[in-house]
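None of the figures in this text is laboratory data; all of them are computed from the coordinates on show. Keep in mind the model is a prediction, meaning the values are calculated, not measured. Cβ placement follows ideal geometry from the backbone for every residue including glycine, while neighbour counts extend to all protein chains displayed.
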Amino acid sequence: MSAASQVLYRKWRSGAFRDLVGQDHVTHTLRRAVAEGKISHAYLFTGPRGTGKTSSARILAKALNCLNPSDGEPDEICSNCVAVTEGRNLDVIEIDAASNNGIDNIRDLRDKVQFTPGTGQYKVYIIDEVHMLSGPAFNALLKTLEEPPQHAIFVMATTESDKVPATIISRCQRYDFRRIANQDVVDRLKHVADAEGFTCEEDALQVIARVAWGSLRDALNLLEQIAISYQGNVTAEAAQELLGLGDTGASIKLAEALLSRNAAAGLATVNEQAAAGRDLKALQSSTIETLRAALLIKTGVDDALSHPAEVVEAMREATKSVDLDQVLRSLSAISETKFRDDSSSPLPLELAVARAVSAPRVAAAPAPVAPPAAASTRQPARPPAPRPTQSQQAPPRQAPATPAAPATQQQPAASYSAPPAETSPAPPARPKTPSDDRWDQVIRALNRTKGKKFVLGPLMRGASSHEVVGDELILQFTHNSNAERMAEELGDPRGRIAVEDAVEAAFGVKLGVKAQHGATDSSGDGGTPKATDSPLVRAAMAMGARIIEDSNADTSQ
Ligand SMILES: [Zn+2]
């Protein structure tokens, strides 16, 4: 079944209006229009990527030319429908305006639009990414839209309708496609996964839906990517690993600690994760997401929450006895955390914990309270209010330490002086290629490096073999879509440099990296020298010094 080179999204593209996910308001109207023969000569489909605009345009084209339509739906089996599905219906012309944006392309269109359709009743022009057309091209298109031949229908799709000239928009029937609700995406993923024979965890599908952010195309691509990289086992862990997301349990724990100003618990969580070799950047981003849930709950807009139930529940509980200021303080402390080149040092997150639990005046985060001096002159009766709480919560001398858990005091101190080197404990790699230490090292080095879309290590683990040919490292992928994705990542300068650096560090020579499957390839050149550890150490020391200053300032109150 699942053909190797067929991308799931293409395979599972909706064939009829009734199959379209999450756009009932659009499909209902279009169906009625077709059924009643109220056809416009120009349509504008706007909305976020992956929400079904181009699919709808094709369905409309099918419905208009179908030999046996019923109630505005194409039958999907007549010769006209099948030809559209297979992309060989000469009456349906698709133009990608991103790559054909010039006036010549539109002139060509204008010349050909005069010819009557072949097998169908209409000639349907689908112009994707129409906002990319040049000014002259838009003008030429406008002339055609002003006097379209009876048999011509234009369906223009765009993610950026504000870049489409008003003169064009005014000639179109406009349909706004919405982001697809998470549950609709999950349901569709489940359907596809079952049919493809993947084993799936519900949580994994939730993670994918959340990351895809309303784009079914992105969601299906991610599902496919995970299924390929993890041999059809779509687990939440696999999804989190591939997408560079942290473990939900850890992020809940950290968020709870920040909200309750429990420094010991916060530091313990950070250090447990660091010791387990977890990606601390991922912990940061998932904690931000978790605290975002807390913020939405606290401000009463949790209807819009698309977070996992366990996160919502935990944050609902955690925010009960916490004021909005503390939610904001926690969120800004953690989101302002900046990792240097290496995310293995727990220090930045430890500082975030310290900032979140320390008093507003001391915190590096923008203080929600006005300068205390000014405040106290205006309201002489009340100034001490916030302070006693601070000094109870943040003990003198060393912010991280609380009497509750003395053991955790030692850990951060140790890691200040010796941030773990990249070579030390790393998560086990699962190489599929003949065991090769250098290759393992490359994968390990990239296990936490996010490329344009994917974390590079897990993506590269999907390579069936690797081989040095001349001055290039050739990665062979069994699945074409894997090869395409790797090539795409290598096409992005950041991803390419990260991969080449990791390869250079492991193989000891500078090599270009290529991803291959059949004809697919992508070239790379050059690389940059790898950063040494010393600036990191120095940065860590510098940041370490600041925490003492902060707590000193606190104590001096
Ligand atoms: Zn048909």
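Listing for the model above:
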item: Per residue Cα convex hull volume in Å³ - calculated over segment 11-176; result: 105 Å³
item: Whether segment 11-97 is rounded, prolate or oblate, judged on the alpha carbon gyration tensor where a/c under 1.5 counts as rounded; result: rounded
item: Full-stretch length increase - residue 465, residue 104 - with 0.36 nm per residue and alpha-carbon distance subtracted; result: 125.5 nm
item: Cα-based shape type of segment 46-105, given that a ≥ b ≥ c are square roots of the gyration tensor eigenvalues and the cut on a/c is 1.5; result: oblate
item: Within-12-Å neighbourhood charge of residue 222 [Cβ basis; K, R +1; D, E -1]; result: +2
item: Residue list for segment 73-88, given a label point 7 angstrom along the Cα-to-Cβ vector of residue 94 and an amide N cut-off under 14 Å; result: 82-88
item: Under 18 Å from the Cα of residue 62 - lysines, other chains or at least 8 residues apart; result: 11, 38, 53, 123
item: Restricting segment 124-160 to GluC sites (Glu not before Pro) in coil, as DSSP defines it, with at most 15 other Cβ within 10 Å; result: 160
